[in-house]
There are 2 protein chains.
Amino acid sequence: MVVKPGKRAYRSVRRAEAADETRARILAAARRLLRGGGERSPAFSLEAVAQQAGVTRLTVYNQFESKLGLLEAVFDDMARESRLMQDMPAVFALPDPHAALRQFVSVMCRFWDFHRRTLPRFDALTRLDDEVAASLKARKERRRVVLTTLVQRLGPRRDAAELVDLLYALTGFEMFDGLSVHGRDAAVVEELMQATVTAAVARYVNDG
Amino acid sequence: MVVKPGKRAYRSVRRAEAADETRARILAAARRLLRGGGERSPAFSLEAVAQQAGVTRLTVYNQFESKLGLLEAVFDDMARESRLMQDMPAVFALPDPHAALRQFVSVMCRFWDFHRRTLPRFDALTRLDDEVAASLKARKERRRVVLTTLVQRLGPRRDAAELVDLLYALTGFEMFDGLSVHGRDAAVVEELMQATVTAAVARYVNDG
DNA sequence: AATTAGATATACATACTGTATAATTAAATC
DNA sequence: GATTTAATTATACAGTATGTATATCTAATT
């Protein structure tokens with residue numbers, strides 16, 4: 001006689017904790033693989049991630065659905081670890097829009113610097129998946145939203161969209177990474193970006 | 001009886017022409033695939049390239065050695081078509097270094113604009129191949145060499161390397177592409193880049 | 001003791017890069 | 001005209017990748 005599948009209430013604490021630990025181990029392994037060990041690191045494959053995490057490849061699928069799902073989780077993990085969201089209120093709290101923008105650049109530079117080893121490969125991977133899967137694109141656009149708000153605070157102007165696009169390009173990881181060469185210190189890189197951003201804003205403010 | 005492999009002189013004109021035509025067809029197919037048909041374009045695989053070109057996948061290998069070899073040839077083909085190299089003498093011919101730099105930015109913008117549909121995918125692909133294979137990296141570095149020379153003409157200064165890195169970032173495709181949004185005209189984008197470059201140079205020149 | 005979520009084992013389908021070997025075709029040489 | 005040659009094709013194979021399907025195992029919970 002076949003027993004009907006009884007829907008028993010089942011809330012496990014220890015199992016959930018173990019699963020979260022597994023999840024964390026996979027995320028850590030993924031980030032380790034993305035940043036690469038300096039010399040010749042293995043390619044970023046789910047097989048390699050699973051091996052590094054000490055689990056089976058199917059466990060990765062069980063936790064993250066797909067490779068893209070894993071990459072999304074990796075990004076969120078990075079943002080969480082570097083307190084990216086928590087730093088934003090301090091930016092908007094500044095009454096002077098120029099000071100706010102400067103603070104914003106500082107926050108972004110801290111984020112880029114924190115993950116400067118991981119982001120290059122991460123970016124390259126996410127670019128090939130249908131020219132950035134929509135979900136990751138949305139995450140990138142958050143920065144543009146913040147910039148739009150900050151530009152509005154500078155006062156109403158016709159070329160606001162133009163300035164936003166320019167600032168978006170000037171504060172991106174590509175810019176930070178491109179300046180982080182020849183062993184240049186992160187603080188110096190930030191000052192370079194601050195100066196470039198300031199100059200760009202000044203051009204628009206003077207034009208009215 | 002086995003006949004010795006006689007080394008007969010063999011210079012075919014028509015065969016070479018046919019081969020060149022095949023080569024051109026493959027390059028065209030590759031570029032077509034890279035720029036993608038707007039909506040949902042097939043992935044850039046040698047299989048897809050060969051099919052688009054009307055040849056076998058092995059013919060692609062015969063002509064370009066490997067996927068990387070094909071990508072190198074694609075880049076050279078793009079550079080040749082947009083007369084990138086031919087425009088450089090005109091840059092160096094200008095006696096005023098500021099005018100030369102402006103002309104350089106103009107030349108680069110023309111190149112970026114000419115291939116703005118192709119370069120995003122091309123860049124993404126070349127980034128994953130061992131973090132840019134050496135040969136393609138060398139091609140990218142040519143721009144840096146030119147900028148180094150142009151900066152030197154501005155006069156000797158301590159921070160020359162810093163300015164070069166900044167200008168390299170400000171004149172790259174990422175910058176051009178990031179500003180080419182919302183249907184913004186290429187001429188407007190160029191003027192944005194010109195202004196940003198000018199401001200950066202001015203900062204360094206004033207500091208001495 | 002029975003149920004359940006998470007993890008594993010095994011297998012399979014599909015797709016891509018790259019290599020190897022023989023066969024085919026048309027042009028050039030003798 | 002017979003032979004050699006370069007380019008292409010046909011067929012097969014090895015290796016790796018993503019993703020899916022199904023059954024099994026394990027330990028926590030009811």
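The values are calculated or read from the model by the stated rules, or taken from the named source; none is laboratory data. All values reported here derive from a predicted model rather than from experimental measurement. Cβ placement follows ideal geometry from the backbone for every residue including glycine, while neighbour counts extend to all protein chains displayed.
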Practice item. From the list A:A169, A:A99, pick out the single residue that is modelled with pLDDT of 95 or more and within 14 Å of chain B (Cβ to nearest Cβ). Key: A:A169
Review point. Is it the case that A:R143 is part of a loop (DSSP other than H, G, I, E, B) and under 14 Å from the mean Cα position of the chain (by Cα)?
Key: no
Review point. Taking the stated definitions as given, is A:V205 farther than 24 Å from A:G36 by Cβ, surrounded by 15 or more Cβ atoms within 10 Å (Cβ to Cβ), over 22 Å from the mean Cα position of the chain (by Cα) and more than 10 Å from every other protein chain (Cβ to nearest Cβ)?
Key: no
Check your understanding: Given the conditions (1) within 20 Å of B:Q194 (Cβ to Cβ); (2) among the charged types (D, E, K, R); (3) more than 8 Å from chain B (Cβ to nearest Cβ), which single one is not true for A:D185?
Key -> (1)
**Study point:** Tally of residues being without any contact (Cβ under 8 Å) to a residue 24 or more places away in the chain and either buried (at least 20 other Cβ atoms within 10 Å of the Cβ) or closer than 15 Å to B:D159 by Cα (or both) across the range A:175-196
**Key:** 11
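From the list A:S106, A:S41, A:S45, which residue is of a type in the set (G, A, S) and at pLDDT below 95? It would help to see each step written out before you state the result.
Details: A:S106 fails: at pLDDT below 95; A:S45 fails: at pLDDT below 95.
On inspection, the qualifying residue turns out to be A:S41.
Looking only at helices (runs of 4 or more DSSP H) that lie completely in the range B:35-93, which have at least 2 residues being away from DNA strand C (no atom under 13 Å from the Cβ)?
Numbers: elements: B:46-53, B:57-64, B:67-81, B:84-93.
Answer list for the range B:35-93: B:67-81, B:84-93.
Tally up the residues in the range B:163-173 that are without any contact (Cβ under 8 Å) to a residue 12 or more places away in the chain and not small (G, A, S), please. Walk me through how you get there before you give the answer.
Let us first name the residues in the range B:163-173 that are without any contact (Cβ under 8 Å) to a residue 12 or more places away in the chain, namely B:165, B:169.
If we keep only those that are not small (G, A, S) as well, we get B:165.
Of the residues in that region, 1 qualify.
Can you pull out the residues in the range A:69-101 that are hydrophobic (A, V, I, L, M, F, W, C) and either over 14 Å from A:L34 (Cβ atoms) or touching a strand residue (DSSP E or B) at 6+ places or on another chain (Cβ under 6 Å) (or both)?
Listed by number, the residues that qualify are A:A79, A:L84, A:M85, A:M88, A:A90, A:V91, A:F92, A:A93, A:L94, A:A99, A:A100, A:L101.
Could you list, in sequence order, all residues of the range B:90-139 that are of a type in the set (S, T, N, Q) and within 22 Å of A:D130 (Cα to Cα)? Break it down into steps so the answer makes sense when it comes.
Start the filter on the range B:90-139 by keeping residues that are of a type in the set (S, T, N, Q), which leaves B:103, B:106, B:118, B:126, B:135.
B:T118, B:T126, listed by residue number.
Considering only residues of the range A:21-54 that are of a type in the set (D, E, K, R) and over 21 Å from the mean Cα position of the chain (by Cα), which is farthest from DNA strand D (Cβ to nearest atom)?
Quick first cut of the range A:21-54, residues of a type in the set (D, E, K, R) only: A:21, A:23, A:25, A:31-32, A:35, A:39-40, A:47.
Of the ones still in play, those that are also over 21 Å from the mean Cα position of the chain (by Cα) are A:21, A:39-40, A:47.
Values: A:E21: 12, A:E39: 17, A:R40: 13, A:E47: 5 Å.
Among residues in the range A:21-54 that are of a type in the set (D, E, K, R) and over 21 Å from the mean Cα position of the chain (by Cα), the one farthest from DNA strand D (Cβ to nearest atom) is A:E39.
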Study note, to complete from the structure: B:P156: passes all of (1) at pLDDT 95 or above; (2) more than 10 Å from chain A (Cβ to nearest Cβ); (3) outside any helix (DSSP H, G or I) but (1)
Practice item. Quickly run through the range B:172-182 and pick out the residues that are over 17 Å from A:A200 (Cβ atoms), at the interface with chain A (Cβ under 7 Å from one of its Cβ atoms) and in a helix (DSSP H, G or I). Key: none
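Which of the residues spanning the range B:124-139 are assigned to a helix (DSSP H, G or I) and either away from every other protein chain (no Cβ under 11 Å) or in contact (Cβ under 8 Å) with a residue 24 or more places away in the chain (or both)? Give the derivation first.
First pass over the range B:124-139, keeping only residues assigned to a helix (DSSP H, G or I): B:124-128, B:134-139.
B:L125, B:T126, B:A134, B:S135, B:L136, B:K137, B:A138, B:R139, listed by residue number.
Would you say B:R117 is farther than 25 Å from A:D159 by Cβ, assigned to a loop (DSSP other than H, G, I, E, B) and of a type in the set (D, E, K, R)?
yes
Which residues, counting only those in the range B:55-76, are more than 7 Å from DNA strand D (Cβ to nearest atom), within 14 Å of B:R23 (Cβ to Cβ) and surrounded by fewer than 16 Cβ atoms within 10 Å (Cβ to Cβ)?
Step one: of the range B:55-76, the residues more than 7 Å from DNA strand D (Cβ to nearest atom) are B:57, B:60-61, B:64-76.
This time we only want the ones that are within 14 Å of B:R23 (Cβ to Cβ), so: B:60-61, B:64-65, B:69-70, B:72-74, B:76.
The answer is B:Y61, B:E65, B:G69, B:D76.
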